[in-house]
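So the structure is just underneath, and the comments pick up after that.
The values are calculated or read from the model by the stated rules, or taken from the named source; none is laboratory data. Remember, predicted model here, so these are calculated numbers, not experimental data. Don't worry about glycine lacking a Cβ; one is built from the backbone with ideal geometry, like all the others, and counts go over all protein chains shown. These area figures cover heavy atoms from the full protein model, side chains too; ligands, DNA and RNA do not enter into them. Shrake-Rupley method; radii C 1.70, N 1.55, O 1.52, S 1.80 Å.
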Amino acid sequence: AGSVGCSSKDETPGNTKPYIALISKGFKHQFWQSVKAGAEQAAKDFDVTVTFEGAQEEGNVEQQIQLLQTVLDKKPSAVGFAAIDSQAAGPLMQQAKNDKIPVIAFDSGVDSDVPVCTASTDNLAAAAEAAKHMAELIGHEGKIAMIVHDQTSVTGVQRRDGFKAYMEKNEPKIKIVDIQYQGDPLKATDVAKAIIAANPDLKGLYGSNEGAAIGVVHAVQELGITGKLKIVGFDSGKDQIDAIKSGLMSGAITQNPYGIGYETVKAAVAITKGQSVAKNIDTGFFWYDKTNIDDPKISKLLYQ
Amino acid sequence: MVSDSLIGAALLEVRGASKSYPGVQALDAMHLDLRHGEVHAVVGENGAGKSTLMKLLSGIDRPDSGEFFLDGQPYTPTNPRHALELGISIIHQELNLMPDLTVAQNIFIGREPRAAGIFLSDRELNRRTRELLERLGLPLKPDDLVGDLTVARQQMVEIAKALSYNARVLIMDEPTAALNETEVQTLFGLIRRFVTPDTGVIYISHRMHELSQISDRVTILRDGRYIDTLDTASSTIAQVISLMVGRAINADQRPRAATGSGDPVLSVKGLNTKALVREVSFEVRKGEILGFAGLMGAGRTEVARALVGADRKNGGTVAVHGREVSISNPADAAKAGIGYLSEDRKRYGILLGRSVRDNVVLASLPKFANSLGFMQDNNVGRAARDFVSKLRIRTPSAGQLVQNLSGGNQQKTVVAKWLIRDCDILIFDEPTRGIDVGAKDEIYALLDELAAEGKAIIMISSDLPEILRMSHRIAVMCQGRLTAILDNADATQENIMHHATRFSAEGTVTT
Amino acid sequence: MTTISLKNRIPAKISGSLQQLFAFGSLIVILVFFSFASPYFFTTSNLVGILMAATVTGILALGTTFVIIAGGIDLSIGTGMILCGVMTGVFQTYWGWPVWAGVLGAVLFGGLIGFVNGFNISVLGIPPFIATLGMMLVASGLSLVISGTKPIYFKEHPEFQLLMNYSVIPGMRFPLGVLIFLILIVVAAVILAKTILGRYAYSIGSNEAATELSGVNVAKWKIIIYSMAGLFVGIAGVLAASRLSSAQPVGGMGLELEAIAAVVIGGTSLQGGKGSIVGTMIGALIVAVLTNGLRVTAVPQEWQSVVVGCVILVAVYMDILRRKRA
Amino acid sequence: MTTISLKNRIPAKISGSLQQLFAFGSLIVILVFFSFASPYFFTTSNLVGILMAATVTGILALGTTFVIIAGGIDLSIGTGMILCGVMTGVFQTYWGWPVWAGVLGAVLFGGLIGFVNGFNISVLGIPPFIATLGMMLVASGLSLVISGTKPIYFKEHPEFQLLMNYSVIPGMRFPLGVLIFLILIVVAAVILAKTILGRYAYSIGSNEAATELSGVNVAKWKIIIYSMAGLFVGIAGVLAASRLSSAQPVGGMGLELEAIAAVVIGGTSLQGGKGSIVGTMIGALIVAVLTNGLRVTAVPQEWQSVVVGCVILVAVYMDILRRKRA
Ligand SMILES: Nc1ncnc2c1ncn2[C@@H]1O[C@H](COP(=O)(O)OP(=O)(O)OP(=O)(O)O)[C@@H](O)[C@H]1O
Ligand SMILES: Nc1ncnc2c1ncn2[C@@H]1O[C@H](COP(=O)(O)OP(=O)(O)OP(=O)(O)O)[C@@H](O)[C@H]1O
Ligand SMILES: [Mg+2]
Ligand SMILES: [Mg+2]
């Protein structure tokens, strides 16, 4: 390791607080902004310094690895890491271990023995929950289609596979006729319209994140077929909340992004103090719809 | 007309070559025979098909019909490389150089000396080039970037390159269009040295007086057809011209009186540029044609470019109609009523990929647009057709792309652009470059007409007879300085050359 | 000789549009193919859907056509469009301007982005690629900064979404946004073919130095051309925001490539000096129709870009073959 | 007179490297600035990190320099690199080839991609922008198809990751990948400046028609140039896969822009005929250093692209000013 960098933490005057670096998958979407807000709140509560950075293009492994490399060179007290591909970070995980920098995985697990603990949502289970509601909404039979925000990322794959697996296992009369991948709301709108055009008897559409879900909502609006289709989504955001309140959308799964951020930093602080933490911190997920959207327990998980 | 006895004696022979382009029969059963050891001139009006024939001989284009023979063997070039391999080297009418490469790199492109297989040896390259240039007596440096050279020097690079191939047949398409008298003589020396009993030269030019100096025979073509082949020694220029154009041309040289009376329209005082021009001052009067003479690199073009704001001035003032104007770009110049026709047609003159119509109105678009900016295409079309017939631009229609015109007709198009613009002050830099004798006459007449209308005209030309014929007064430059301004009555070729080579320049000299 | 002179008499205009025939031919082939492949493809609502999907990229491509004909390039259109969307959100929601002012403001803001590009290129002399790349990055960052990385919703002006979505033909879903697109095509085509600006765009792209020496104020006209492209960017941004009834601060990267691709597939040369609006629109439609058709026929998505790539290559190659033969 | 002849006498080489001085100056200014702004910046390990971050784009930019000097463009390098990464995964993991064969195979596969580009451009006559855009789409789709949309891990050959990560200087983290990058820079610079391939690249970019008329087989050399760029793409793909110890089937889009930007910031003109490897590397480093510096100094991420955009504009403008004055 570079000899200059080793002790620099102590040399910086007036900055003796523990430094915790969070590297996420992205930073531009509201989901990550919410994680960041939780982390910053925890930083205040526990009096530590926190930085939060994500890949400029969500899902770009290479960029994320570079971010991780940069912060490891700064020798932080602990690193929080939401891996896009956990195996791809193998060498850096090893470097962190060698440098005795504890790693806390967040959002999704890191497939390595290096992370001390993981604060995440079980996306497979969450997607299965969405599928369960979809099945009930359409009366356990008919054609549905899925718009998944990403074809290769762990969340994309899990939210697809969890949903699909539930349907295959429990709902023999439901047929998934098409799966397309698009997370940009404008483009997802066009994709949804094409799917609906190709399947006039479609009964339900599932959007696996905010962008995909509101794309579906706008497609239905533009085609003027409100009510003909059941829409189930993921995450929150004002558009989705409005759509649920107005009945355009049946409901969605929300994670607890704020909680993920908060818990990650909290665990990191504990570890730096030598306290032990639980191996897995499940930050949970919740189904919300018209009926419970104003419930304070739910509404505090939603971002506008 | 080609007698059968010549077959076998001919080095290169063309039999019945035809070529048509959309809308144009460029060549129609053309004949030509080049004998061993001769310089064979080819003449014809602009668009007669000279360059087309050379394109066929060099394998750039394929003839529709007809045959070629090289040393009696059928010769069918498939591409330029093939022609070069068979010993046919061509200087095309349009410069074909790589501006970002050096002189040496241009000359030896495709034949680079190498060291250890794949590596280039630039030292060897420059050495060979220096040797070649010394042998040819050309004032070029091997490591100058070609893009920084003037057209004349670029033409010399082309000449050096063509001669470096040790070809058997050398074809030169208007090599002297960009050169002036001294350089032309250098070139002629090179050609004479090149010609041996084993080689031959095809020489294309519009400068009739050159024919008797350099060529043994001359073939004349008109409208793509073979007209005649004459022995140069036993024929006159008038004879050649009348065969070429099919009518009489009055190539008289009227001496002119200085106009003297007109008010100065353009006054330039103490013009300097960073590179070369020093303290140049002169005036052009209403109705006057002021000729600019000088050797290559004397700085005439540089004066003109600085004047119109194409290059940066380093001090000096310009006044139009007595009012000082500030000109920092050609748009300012145009606004002040000054138009500049560049000597470098391809780079600064034409829009190759646009139509004749678009080109001729380019400098005067606002005149053809209504107040909302909509083009009045009928007026554009009318003006374009007008000038196409006035200047006899040989084109199937005004909609033809300029890149499909012959070199001389491209030049006429550029001239038309400035005639349409109707500026008070016109600077023509080598305006008759590549233009045939007949059309030259028409352009001269137009210039006279413009002068008579009261315009002030600067005519930069390397063609001394032309300068003497057209100018009321003649400014002579040498090494960036104005060495004399002569009245036409006092000017002779010797007189001008004297001032053009006067190296002891001590500021502006006026008579 | 007769055939030759006959050929001459065909006016340049017609032979010009014949030139487009093949690219147009490819488009027709694709349309026919998908009509047979899926009964749901050739329906009014799907065709309108294609037009709607083509609207934003298509409008961006209109402005880009001018820029490319003039020998330039504009990489900032994608993120610039996002920024204009954010600005209309700022004007309408944060500052409470009425819809018309918010829309006008955002469109003019697009013009301003274009103006800055033009200024950097013409006056400062920065190469177009760099100047607009810089602007691309700046715009993408500013969208996030200004919006606070959150979408801006048009709470005060829910009617804003009608700009894109209002149905102009009663009983049929023909959205106003598509109509605006069609009108802009005509406007752009007229400007390019009939006005002095169009003429200068061709001239500058064909030979900038010669145009300059002809006394044309090239710097001024380049600024005008980039500014105009900017206005199109502004309009595209406003329509995209209207469509989603929210100003999304992320995205836009890659749209510049799509727009440039439409222009180039339509036969406009990146060297400048050549090109047409009709060509650009055919290029944009080829991509839009292909994308939609592959979705409607449910081709697996990983294959879709392979097919699009190959079809583009084949279509352009066919076009080249045809011109060679002619 | 003296000034003129003096100017002529300065050999082209020296004035060429003087030309780079300013862009180099900008780089130094940025380095000094960040060294003062953060104690973490000017540390061996961070500087090595910068080089590592620059490796993949830098290698892509090397090949792109040749293509652009020859007057072309290559948009397929980003997704092509991803595809080469997938191929090395296929060779090593699916087909069980030894590491050296898997690496060689992937690099040659990159050469094949380049060859196809060159063929489409030279022989079929498809414009470079379209030809490589098509390839970009095809490659991005094929990566997904071939990999089954999942990363391929090098289970059989965990040592493959050493290609990028092996520490060549004991006791210091100086990775083999960076060394390979540095060697490639030298190789590319020598090829460009000293071999016939380099000479023809300049010549073709400067005036393709004239080069052809001079008897050079332009089509052949263009194919060679694109194929060589493809080899660089292959190497970049292998190194990226090694670094991530996995072949990621997505991404790559946008990398072509980064590589082209490095080339153009380094003073190479998109018109062709001009440029140098030194320039490209300075261009690549300016972007890499800036990106790293902003991260190290913890500038809010949404501001980072604004700053990068502005610095690029300023650096290039300064360069232009300096040349004007000279
Ligand atoms: N590629 C082309 N497409 C269409 N017409 C062409 C093309 N090349 C040449 N022409 C036409 O063929 C005719 C002969 O042209 P060519 O260049 O051979 O004339 P030239 O005798 O060399 O004239 P100049 O003295 O002006 O150079 C001209 O009318 C020209 O417009
Ligand atoms: N763009 C340029 N870069 C460098 N040197 C130049 C440039 N333009 C002109 N020069 C030099 O300036 C000198 C004057 O050239 P200029 O073209 O003005 O002469 P001229 O009298 O018009 O002669 P010519 O017959 O060659 O046109 C020459 O030595 C030339 O090499
Ligand atoms: Mg000719
Ligand atoms: Mg001159």
Q. Taking only pairs six or more apart or across chains, which ones have beta-carbon atoms under 9 Å, a first residue in region C:313-326 that is facing chain D (nearest Cβ under 9 Å), and a second residue that is β-branched (Val, Ile, Thr) and not in a helix (DSSP H, G or I)?
A. C:313/D:126; C:316/D:126; C:317/D:126; C:320/D:126
Q: Would you point out the residue of region D:128-167, among those that are open to solvent by 50 Å² or more (accessible area, probe 1.4 Å) and assigned to a loop (DSSP other than H, G, I, E, B), that is nearest to residue A:98 (Cα to Cα)?
A: D:166
Q | Search result, residues across region A:203-225 that are open to solvent by 10 Å² or more (accessible area, probe 1.4 Å), more than 8 Å from chain C (Cβ to nearest Cβ) and more than 25 Å from residue A:286 (Cα to Cα) | A | A:225
(Q) So if I check each of D:225, D:204, D:235, which one is more than 13 Å from residue D:64 (Cα to Cα), assigned to a helix (DSSP H, G or I) and either open to solvent by 20 Å² or more (accessible area, probe 1.4 Å) or away from chain B (no Cβ under 11 Å) (or both)? (A) D:235
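When you look at residue B:319, is it within 17 Å of the chain's Cα centre (by Cα) and either touching a residue at least 40 places away in the same chain (Cβ under 8 Å) or within 16 Å of ligand 1 (Cβ to nearest atom) (or both), yes or no? Give the derivation first.
Values: within 17 Å of the chain's Cα centre (by Cα): no; either touching a residue at least 40 places away in the same chain (Cβ under 8 Å) or within 16 Å of ligand 1 (Cβ to nearest atom) (or both): yes.
No, not satisfied.
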Q: State all residues of region B:264-297 that are under 15 Å from residue B:325 (Cα atoms) and of a type in the set (Lys, Arg); if no residue qualifies, say none.
A: B:269
Q.
Looking at B:176, B:196, B:150, B:129 in this structure, which one is within 22 Å of residue B:97 (Cβ to Cβ), open to solvent by 10 Å² or more (accessible area, probe 1.4 Å) and out of contact with any His (no Cβ under 8 Å at 6 or more places or on another chain)?
A. B:150
Q: Give me the pairs, please: first residue somewhere in region A:30-51 and touching a residue at least 12 places away in the same chain (Cβ under 8 Å), second residue anywhere and aromatic (Phe, Trp, Tyr) and open to solvent by less than 20 Å² (accessible area, probe 1.4 Å), beta-carbon distance under 8 Å, and either six or more positions apart or on two chains.
A: A:33/A:27; A:35/A:106; A:36/A:27
Q.
Go through region B:340-354 and report how many residues are more than 7 Å from chain C (Cβ to nearest Cβ) and touching a strand residue (DSSP E or B) at 6+ places or on another chain (Cβ under 6 Å).
A. 2
Q) Of the residues that make up region A:268-285, is at least one surrounded by 24 or more Cβ atoms within 10 Å (Cβ to Cβ) and not polar (S, T, N, Q)? A) yes
Q | Residue in region A:150-162 that is hydrophobic (A, V, I, L, M, F, W, C) and more than 14 Å from chain D (Cβ to nearest Cβ) present | A | no
**Q.** Hits in region C:40-57 - residues which are within 9 Å of chain A (Cβ to nearest Cβ), of a type in the set (S, T, N, Q) and touching a residue at least 12 places away in the same chain (Cβ under 8 Å)
**A.** C:45, C:46
Q) Quick one: would you say residue D:273 is open to solvent by less than 10 Å² (accessible area, probe 1.4 Å) and of a type in the set (Gly, Ala, Ser)? A) yes
Q.
Among the listed residues B:450, B:405, identify the single one that is out of contact with any Cys (no Cβ under 6 Å at 6 or more places or on another chain), of a type in the set (A, V, I, L, M, F, W, C), away from ligand 1 (no atom under 16 Å from the Cβ) and more than 14 Å from chain C (Cβ to nearest Cβ).
A. B:450
Q: Return the residue satisfying two criteria in turn: it lies in region B:374-392 and is in a loop (DSSP other than H, G, I, E, B) and open to solvent by 10 Å² or more (accessible area, probe 1.4 Å), and of such residues it is farthest from ligand 1 (Cβ to nearest atom).
A: B:376
Q) Name the residues in region B:291-311 that are part of a loop (DSSP other than H, G, I, E, B) and either within 11 Å of ligand 4 (Cβ to nearest atom) or among the hydroxyl-bearing types (Ser, Thr, Tyr) (or both), would you? A) B:295, B:296, B:297, B:298, B:299
Q.
Six or more apart or on different chains, Cβ atoms under 7 Å: show the pairs whose first residue is in region B:202-229 and within 15 Å of residue B:46 (Cα to Cα) and whose second is within 16 Å of ligand 4 (Cβ to nearest atom) and open to solvent by less than 40 Å² (accessible area, probe 1.4 Å).
A. B:205/B:176; B:206/B:434; B:207/B:176
Q) Of everything in region C:212-222 that's part of a helix (DSSP H, G or I) and of a type outside the set (Lys, Arg), which residue is farthest from the other protein chains (Cβ to nearest Cβ)? A) C:221
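Residues are listed down the side, and each one gets a yes or a no for (1) surrounded by fewer than 23 Cβ atoms within 10 Å (Cβ to Cβ); (2) under 30 Å from residue A:72 (Cα atoms); (3) in contact with a helix residue (DSSP H, G or I) (Cβ under 8 Å, 6 or more places away or on another chain):
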| residue | (1), (2), (3) |
| --- | --- |
| D:209 | yes, no, no |
| D:241 | no, yes, yes |
| D:247 | no, yes, yes |
| D:251 | no, yes, yes |
| D:257 | yes, yes, yes |
| D:306 | yes, yes, yes |
Q) For region B:134-162, which residues satisfy the criterion of being away from chain D (no Cβ under 14 Å), outside any loop (DSSP other than H, G, I, E, B) and away from ligand 2 (no atom under 13 Å from the Cβ)? A) B:134, B:135, B:136, B:159
Q: Go through region B:459-476 residue by residue and tally those that are at pLDDT 90 or above, within 12 Å of ligand 2 (Cβ to nearest atom) and either over 21 Å from residue B:279 (Cβ atoms) or under 20 Å from the mean Cα position of the chain (by Cα) (or both).
A: 2
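Looking at B:105, B:154, which one is within 16 Å of ligand 4 (Cβ to nearest atom), within 19 Å of residue D:214 (Cα to Cα) and modelled with pLDDT of 90 or more? First the steps, then the outcome.
Working: B:105 fails: within 16 Å of ligand 4 (Cβ to nearest atom).
Just one listed residue meets the conditions, B:154.
Mind listing whichever residues of region C:29-39 are within 14 Å of another protein chain (Cβ to nearest Cβ), out of contact with any Ser or Thr (no Cβ under 9 Å at 6 or more places or on another chain) and open to solvent by 50 Å² or more (accessible area, probe 1.4 Å)? Give the derivation first.
To start, the set of residues in region C:29-39 that are within 14 Å of another protein chain (Cβ to nearest Cβ) comprises C:34-35, C:37-39.
Pick out the ones that are also out of contact with any Ser or Thr (no Cβ under 9 Å at 6 or more places or on another chain) and you get C:35, C:39.
If the condition is that a residue be within 14 Å of another protein chain (Cβ to nearest Cβ), out of contact with any Ser or Thr (no Cβ under 9 Å at 6 or more places or on another chain) and open to solvent by 50 Å² or more (accessible area, probe 1.4 Å), then C:39 is the only one that fits.
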Q | Lone unmet requirement of (1) hydrophobic (A, V, I, L, M, F, W, C); (2) within 20 Å of the chain's Cα centre (by Cα); (3) more than 15 Å from ligand 2 (Cβ to nearest atom) for residue B:194 | A | (2)
**Q.** Selection from region B:312-327 of residues that are assigned to a loop (DSSP other than H, G, I, E, B), surrounded by 18 or more Cβ atoms within 10 Å (Cβ to Cβ) and on the phi < 0 side of the Ramachandran plot
**A.** B:313, B:327
Q: Filter region A:49-81 for residues that are open to solvent by 10 Å² or more (accessible area, probe 1.4 Å) and assigned to a loop (DSSP other than H, G, I, E, B) and give the result.
A: A:56, A:57, A:58, A:59, A:60, A:74, A:75, A:77
Q) Checking residue B:104 against (1) in a loop (DSSP other than H, G, I, E, B); (2) open to solvent by less than 40 Å² (accessible area, probe 1.4 Å); (3) away from ligand 1 (no atom under 13 Å from the Cβ), which test does it fail? A) (1)
